[in-house]
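One structure is given below, encoded as structure tokens.
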Amino acid sequence: MKRKHYEQELRELQAELVALQEWVKDTAQRVIVVFEGRDAAGKGGCIRALTERVSPRVFRVVALPKPSDREKSQIYLQRYISHFPAAGEIVVFDRSWYNRAGVERVMGFCTEQESQRFLQECPNFERSMIVDSGVIFLKYWLEVSEEKQEKRFQDRIDDPVKQWKLSPMDIPARERWFEYSRARDDMLRATDTDFAPWNIVKSDDKRRARLNVIRHFLSQVPYVKEERTATDLPPRDMTDAYDDSASIANRRWVEDNYS
């Protein structure tokens, strides 16, 4: 997709997200959006496109680090529940409790028994704690091809401004492609339910993936777009006017290197 077309489409969709945001605030809705997928599938770019033009006080992105020793001793889902939305909030999980079905399982950070127990318990958790509580709940799985993942990993290795994206998990993820595939298949088999279905997104083309996710998200939230009243800027009150530029003229200014 050409950049100009992408940017035009994205701007229109992001304007709708602003309208959705106002509806969520006005009606005290609660929304949870989960993004999962292989490494280099494009989750971060999708989340940025979804949230970059809206308020971070409404669209709250949660990307948890590895658990602390205290969190490891808690009930597994406990640290995720603490980030669930209050009224008027949309919480976007950049990876979620599904770590247990994917990364933790494949990399040996949990036992096979713990992973299987999670898959058994997860649907009941999502029904009782999320859906039946009135939360709008959406789950996205970004599916990237083996060839495209390889290219994106190589870009991370070669490009200095992308090297920060190369995590210690990326190289093992590359080696264990089929283990991740089996983990994905087991996860979908156990947790793709009628009340909390997985929505799978082709993500080889990042721009198309972002637009498709936002368009689908908008279609799943029953927001009502309100007409905005016209706003007129008032004139400045000149009763106490003074030269407020001269008063800071001799302060420390950052050098303008691009004049």
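The values are calculated or read from the model by the stated rules, or taken from the named source; none is laboratory data. Values in this document were obtained by computation on a predicted structure and should not be read as measured data. Note: ideal-geometry Cβ built from the backbone for every residue, glycine included; neighbour counts use all protein chains shown. Note: accessible area is taken over every heavy atom of the protein model, side chains too, but ligands, DNA and RNA are not part of it. Shrake-Rupley method; radii C 1.70, N 1.55, O 1.52, S 1.80 Å.
Quick look at the values:
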item	result
Solvent-accessible area per residue, Å², over region 94-177 with all protein chains present [probe radius 1.4 Å]	52 Å²
Charge context of ARG215, other residues only, Cβ under 14 angstrom, K/R +1, D/E -1	+2
Dipole of the chain, positive direction: furthest Cα of SER82, LEU166, THR51, with charges on the beta-carbon	LEU166
Relative contact order %, the chain, counting alpha carbon pairs below 8 Å whose residues are six or more apart	29 percent
Rounded to whole Hz, the Karplus (6.51, -1.76, 1.60) HN-Hα couplings of region 210-221, x for glycine and proline	4, 5, 5, 5, 5, 4, 5, 4, 4, 6, 9, 10
Virtual spin-label span in nm between VAL18 and GLN154, 7 Å along Cα→Cβ	4.1 nm
Column: log10 I(q)/I(0), Debye, Cα scatterers of region 50-157, q = 0.18, 0.24 Å⁻¹	-1.12, -1.42
0 to 90° range, to nearest 10: angle between helix 177-191 axis and the chain longest Cα axis	90 degrees
Relative contact order [Cα under 8 Å, 6+ residues apart], region 62-132, whole percent	26 percent
Carbon + sulfur, % of accessible area of the chain - ligands and nucleic acids excluded, 1.4 Å	49 percent
Length released on extending from ASN124 to VAL254, taking residue separation times 0.36 nm less the Cα-Cα span	41.2 nm
Calculated P(r) tail over 24 Å for the chain, as whole % of Cα pairs	57 percent
CD proxy at 222 nm, helix term only [per DSSP H run n ≥ 4: -39500 (n - 2.57); per residue of the chain; nearest 500]	-13000 deg cm²/dmol
Pairs from LYS4/LYS66; LYS4/LYS165; LYS25/LYS202; LYS25/LYS162 whose Cα-Cα separation, in the structure shown, is over 28 Å	LYS4/LYS66; LYS25/LYS202; LYS25/LYS162
Inter-label distance for ILE75 and SER181, nm, one decimal - labels placed 7 Å from Cα along Cα-to-Cβ	3.7 nm
Between 0 and 90°, nearest 10: helix 146-158 axis offset from the chain longest Cα axis	50 degrees
Spin-label proximity, SER55 to region 1-45 - amide N less than 18 Å from point 7 Å beyond Cα toward beta carbon	14-32
Summed residue charge, Cβ within 15 Å of ASP243's Cβ, Lys/Arg positive, Asp/Glu negative	0
Beta bridges by DSSP in the chain, antiparallel share as percent, to the nearest 5	0 percent
Potential lengthening between GLU7 and GLU146 on full extension [0.36 nm per residue; Cα-Cα distance subtracted]	47.3 nm
